[in-house]
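Asker: Structure provided below as structure tokens; questions to follow.
The values are calculated or read from the model by the stated rules, or taken from the named source; none is laboratory data. Quick caveat, the model's predicted, so the values are computed rather than measured. Every residue, glycine as well, gets a Cβ built from its backbone with ideal geometry; the counts of neighbours run over all protein chains shown. Remember, those area values only see protein heavy atoms, side chains included, never the ligands or the DNA or RNA. Shrake-Rupley method; radii C 1.70, N 1.55, O 1.52, S 1.80 Å.
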Amino acid sequence: MRQLSEWLDREILPRVEKPSRYLGTELNAVHKDPARVRLRACLAFPDSYDLGLGNLGLQILYHILNQRPEFWAERVCAPHPDLEALLRERGLPLFALESKTPLHAFDLLGFTLQWELNYTNILNMLDLGGVPPLAAERSAQHPLVIAGGPCVFNPEPLALFIDAFVIGDGEEVVLELADAVAAGGDRETVLDRLASLDGVYVPARYPMIEVGGRLVPPPDAPRIRKRLVRDLDATPFPTDYLVPYAAQVHDRVALEVLRGCTQSCRFCQAGMVTRPVRERSLDNLARLQVETMQRTGYEEISLVSLSTCDYSQVKSLVRQAVELATPEHIGVSLPSLRLDSFSVDLANQLGNVRKSGITFAPEAATDRMRAVINKFISREDLLDMSRQCFQQGWDQIKLYFMIGLPTETDDDVKAIGELAREVWFVGRPLRGGRAKVNLGISTFVPKPQTPFQWAAQIPMAETRRRQGLLRGQLHNIKAIKFGRHDAFETYLEGLITRGDRRLGWLIYWAWQAGARFDGWYEYRTQEAWQTACERWQAEFGRDPATELEEREVPAPLPWDHIDVLIPKGWLAADWERARHLDWQRDCRRDDGKCNRCGVIDQERAACTAMLRRSREGARADADLSLAGPQTPPDLPAIGSLRFRWERRGLARLLSHKELMNVFIRALRRARLPLKYSEGFHPHASLSFSTALPVGLETVGDWCDVQITAAVEPEQFLSALNAALPPGFAVHEGWLVAVSEPSLMATLDCAAWRAELPPELAGDDLAERVAQYLAQPQIIAQRRGKQQGQVVHRPVDIKPMIRSLQVAAEGVLELQMVSHDGRPPKVDDVLTTLLNCSSDALLGVRVLKLASLRQVGDALLPPAPPVLETV
């Protein structure tokens, strides 16, 4: 394991495009002694790290497992193709981020199933980690492979590969599952133990039968009832959030305010499988928000749920969140807005929100189609809501629609374009040329456990035809942006989501043919899926495209053994209501009534509490007025704290932008009196002496950060050191005036040490250095851009080299100064001296010893001004 870690550090991670995805040293990452734990688990996210670290489910399970001293949960995300290629080329296994342990050495691997187009990544991660993808080929020497998440409500397409599925809320069962695996025994004994747990499905214990060409559970098969967290306030929730170095797609804290939804949109799987609705109390949310802000340093907190505007005391919630966040210069966001004017007023209360765009999801553009999907807002209400948005200062409205919904006609598709034009017409008189409409068009995919689970999905050609029909309705209006989902991507999702156990072979053969990252346009290989489809049809005698066809209601379904608390009969009745344009009201509204969806029959106490809380909360909030936007305090800077900092080890692989994020969030966590920038995303005002290249270590770089109140430098340094992640430290520091020249302008010289590997150092390094320095000119090629093209310009670096010597065997020390306005670059000296490319320098460890200023002929370090203490 140590050898693998050293190999990754030295040879692999420096060669990938974004090393920060694989370091495992983020703030709040957990490291334990493997000899002192009873169970080692690796939580696996089968997509990019840039998406995975923002996954709330992964953060929650990581927190719960690591609270137990005898358990150690680590993480792994799908490696991007550049890392996969390097690992396969060198015969190295995929590894956990924290310890760099190969996946095959764990007791348990736990995959999060977010999307069907991640499934080939699961197989790839298993194979790359040294674990046979097929469960039948694993032995007692291999880890148990567990899966949970939104896609488990039809687990069958993955049943060939997963040993056990967790159905429902993972927090409710994860410790029971860990205890069951940690108890040991042979593989069959452990599987039996897992199968005895409520909410855990072990496919090996469920033989299927064939009915109508599909594999389905026998009529007498026991049903797996989903696990349910009944009290969110009593459930652990992480406030020591993992804080990444790399920018995330959702780069903020997600604070879950409620779980579940009762709006009954007939296409929405999440709304069906997460019932009943459960809320966190305002007091608990306040505590969680404060703790999370203090422990992470994030600049934004998002109040997340399927429909946050349906929180019973949403006005109180938003007011509380804004009042807690504003003094800390932290933004608050609502990711999901209901289709009404009240939601617009809520969004307007968030004064930190840049009024460039606001998002709504009508999904359908005609009253008839809105009745089909059970999502009602009239055309007049939508236009009135759009008018309010433009009047209150928003420039852009983003509208999400679906095409391909059941019973949709061409007129329904055209109506989307007509409605988009009407919204734009509403905005033009109010916002002028700034008024824009952004359309997001997805294609309907029928999902298991919904009233539309029997519906047909339109094929790829029809998707493209309807997209073209809609585009034609927009009349090339530049102010209306037309975004749509890729037709093949949607086809793949539909192919898999309602599949049976045999469909797993299609996924397996597609992976063998090269399928990876199927949700990424730049990585997707349509040919691999075409090859797999042909093989599957030859093997099983059925065209995979038949998975898109409408299903008969009486026929058994591959997921009939999964119990989400809503009976299949109710879903079928709602499918009929959709065909007859009948509505289902939200049972949580004051004018709503119980829709007899079946949840109340199994969870009466939870449902009753939900209804009582909803109505009591609505009454408590009724007389509360929405506060206007709040402005954070803007205090003047009294000076800057200038300090020296270092980064060592894996931290050297961060980019300058990632480095800035490290310090900005650490300064927030240190709770120092910082001066913040203005605008919608305020951040601490700090500047560095140089933009340090990726791969270089330093003990001699400097930074200035503006402060608004007196603080002793020792106190500042101590607080900041306590807040920094591993690999970073700060040292000496002092106060300087705001008017002091910038560090970048004054520290234009530097000293370095370079440790060369034997193949570059050779036996005659001192002689080569002497010959090198004797040259009249030393020409380096510096990379730049000209008219958008990469160019290389020759630069004579001889005047920049103040000293260069061999300090020890294979060790160089050098000093460089700026010349003709060009800064010194250590790579220029190393590539020209060693006559090698920049890539060959990846094995060289370079340490920046000092940042220096030139005073006459002398090179001096920064010095404190002659001042009293701060």
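Asker: Residue by residue through region 519-549, note down the ones that are surrounded by fewer than 19 Cβ atoms within 10 Å (Cβ to Cβ) and under 21 Å from Ala136 (Cβ atoms).
Answerer: Residues satisfying the conditions are Arg535, Glu539, Phe540.
Asker: A further question follows. Go through region 505-518 and give me each residue that's open to solvent by less than 20 Å² (accessible area, probe 1.4 Å) and under 20 Å from His485 (Cβ atoms).
Answerer: Ala510, Ala515, Phe517, Asp518
Asker: For region 243-272, name all the residues that are of a type in the set (A, V, I, L, M, F, W, C) and either crowded, with 21+ Cβ neighbours inside 10 Å or assigned to a strand (DSSP E or B) (or both).
Answerer: Val243, Ala246, Val253, Ala254, Leu255, Val257, Leu258, Cys261, Cys265, Phe267, Cys268, Met272
Asker: Are any residues in region 732-747 buried (at least 18 other Cβ atoms within 10 Å of the Cβ) and either farther than 14 Å from Pro864 by Cα or in contact with a Leu (Cβ under 7 Å, 6 or more places away or on another chain) (or both), and if so, which ones?
Answerer: Within region 732-747, Gly733, Leu735, Leu747 qualify.
Asker: Assess whether Asp748 counts as being at pLDDT below 90 and under 24 Å from Leu833 (Cβ atoms).
Answerer: yes
Asker: On to the next question. Please determine, by comparing only the residues of region 394-415 that are out of contact with any Leu (no Cβ under 9 Å at 6 or more places or on another chain), open to solvent by 20 Å² or more (accessible area, probe 1.4 Å) and at pLDDT below 95, which one is nearest to Gly357 (Cα to Cα).
Answerer: Ranking the candidates gives Gln396 first.
Asker: What are the residues in region 364-423 that are without any contact (Cβ under 8 Å) to a residue 60 or more places away in the chain, in a helix (DSSP H, G or I) and within 17 Å of Leu581 (Cβ to Cβ), if any?
Answerer: Across region 364-423, the qualifying residues are Asp367, Met369, Arg370, Arg379, Asp411, Asp412, Ala415.
Asker: Mind listing whichever residues of region 50-61 are assigned to a helix (DSSP H, G or I) and surrounded by 23 or more Cβ atoms within 10 Å (Cβ to Cβ)?
Answerer: Across region 50-61, the qualifying residues are Gly52, Leu58, Leu61.
Asker: Here's another thing I want to ask about it. If I ask for residues that are surrounded by fewer than 21 Cβ atoms within 10 Å (Cβ to Cβ) and either of a type in the set (Gly, Ala, Ser) or touching a Phe, Trp or Tyr at 6+ places or on another chain (Cβ under 8 Å) (or both), which ones from region 227-241 would you list?
Answerer: Ala234
Asker: Out of region 1-12, which residues are over 17 Å from Arg75 (Cα atoms) and either of a type outside the set (S, T, N, Q) or touching a residue at least 24 places away in the same chain (Cβ under 8 Å) (or both)? Reasoning before the result, please.
Answerer: Start the filter on region 1-12 by keeping residues that are over 17 Å from Arg75 (Cα atoms), which leaves 2-3, 6-7, 9-12.
Selection gives Arg2, Glu6, Trp7, Asp9, Arg10, Glu11, Ile12.
Asker: Tally time: how many residues in region 639-674 are charged (D, E, K, R), over 17 Å from Ala719 (Cα atoms) and open to solvent by 40 Å² or more (accessible area, probe 1.4 Å)?
Answerer: Result for region 639-674: 2.
Asker: Also, quick follow-up: Looking only at region 181-208, count how many residues are without any contact (Cβ under 8 Å) to a residue 24 or more places away in the chain and either assigned to a helix (DSSP H, G or I) or among the small types (Gly, Ala, Ser) (or both).
Answerer: 9
Asker: Moving to a separate point now. List pairs: first in region 610-638 and under 30 Å from Thr262 (Cβ atoms) and open to solvent by less than 70 Å² (accessible area, probe 1.4 Å), second of a type in the set (A, V, I, L, M, F, W, C) and modelled with pLDDT under 70, Cβ under 7 Å, 6+ apart or cross-chain?
Answerer: So the pair list comes out empty.
Asker: What helices (runs of 4 or more DSSP H) completely inside region 754-870 contain at least 3 residues that are open to solvent by less than 70 Å² (accessible area, probe 1.4 Å)?
Answerer: Numbers: elements: 758-761, 765-773, 826-834.
In region 754-870, the matching helices (runs of 4 or more DSSP H) lie at 765-773, 826-834.
Asker: If only one of Ala719, Ala729 is assigned to a helix (DSSP H, G or I), of a type in the set (A, V, I, L, M, F, W, C) and within 31 Å of the chain's Cα centre (by Cα), which one is it?
Answerer: Ala719 is the lone residue from the list that is assigned to a helix (DSSP H, G or I), of a type in the set (A, V, I, L, M, F, W, C) and within 31 Å of the chain's Cα centre (by Cα).
Asker: Report, by residue number, each residue of region 429-467 that is open to solvent by less than 20 Å² (accessible area, probe 1.4 Å), among the small types (Gly, Ala, Ser) and either over 31 Å from the mean Cα position of the chain (by Cα) or over 17 Å from Tyr400 (Cβ atoms) (or both).
Answerer: Ala435, Ala455 - these are the residues of region 429-467 that are open to solvent by less than 20 Å² (accessible area, probe 1.4 Å), among the small types (Gly, Ala, Ser) and either over 31 Å from the mean Cα position of the chain (by Cα) or over 17 Å from Tyr400 (Cβ atoms) (or both).
Asker: Could you tell me whether Thr239 is closer than 25 Å to Leu175 by Cβ, in a helix (DSSP H, G or I) and of a type in the set (Val, Ile, Thr)?
Answerer: no
Asker: I'd like the residue in region 468-501 that is more than 30 Å from Trp583 (Cβ to Cβ), in contact with a strand residue (DSSP E or B) (Cβ under 8 Å, 6 or more places away or on another chain) and open to solvent by 30 Å² or more (accessible area, probe 1.4 Å) and, out of all such residues, is modelled with the highest pLDDT.
Answerer: By that ranking, first place goes to Arg501.
Asker: How many residues does region 732-753 contain that are of a type outside the set (Lys, Arg) and in a strand (DSSP E or B)?
Answerer: Selection size over region 732-753: 9.
Asker: Shifting gears a bit: Among the candidates Leu109, Leu43, single out the residue that is open to solvent by 10 Å² or more (accessible area, probe 1.4 Å), under 17 Å from Leu123 (Cα atoms), in contact (Cβ under 8 Å) with a residue 60 or more places away in the chain and not in a loop (DSSP other than H, G, I, E, B). Reasoning before the result, please.
Answerer: Working: Leu109 fails: open to solvent by 10 Å² or more (accessible area, probe 1.4 Å).
Every option except Leu43 fails the conditions.
This table checks each residue for (1) open to solvent by 20 Å² or more (accessible area, probe 1.4 Å); (2) within 19 Å of Gly57 (Cβ to Cβ).
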{"position": "Glu70", "(1), (2)": "yes, no"}
{"position": "Phe95", "(1), (2)": "no, no"}
{"position": "Gln114", "(1), (2)": "yes, yes"}
{"position": "Asp127", "(1), (2)": "yes, no"}
{"position": "Glu137", "(1), (2)": "yes, no"}
{"position": "Ile146", "(1), (2)": "no, yes"}
{"position": "Val152", "(1), (2)": "no, yes"}
{"position": "Glu172", "(1), (2)": "yes, yes"}
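Asker: Scanning for something buried (at least 23 other Cβ atoms within 10 Å of the Cβ), part of a strand (DSSP E or B), under 20 Å from the mean Cα position of the chain (by Cα) and in contact (Cβ under 8 Å) with a residue 40 or more places away in the chain, does region 280-297 turn up at least one residue?
Answerer: Checked against the condition, which is being buried (at least 23 other Cβ atoms within 10 Å of the Cβ), part of a strand (DSSP E or B), under 20 Å from the mean Cα position of the chain (by Cα) and in contact (Cβ under 8 Å) with a residue 40 or more places away in the chain, region 280-297 yields no hits at all.
Asker: Let me ask something else about it. Of the conditions (1) more than 30 Å from Glu84 (Cβ to Cβ); (2) assigned to a loop (DSSP other than H, G, I, E, B), Glu171 fails just one. Which one is it?
Answerer: Status for Glu171: all satisfied but (2).
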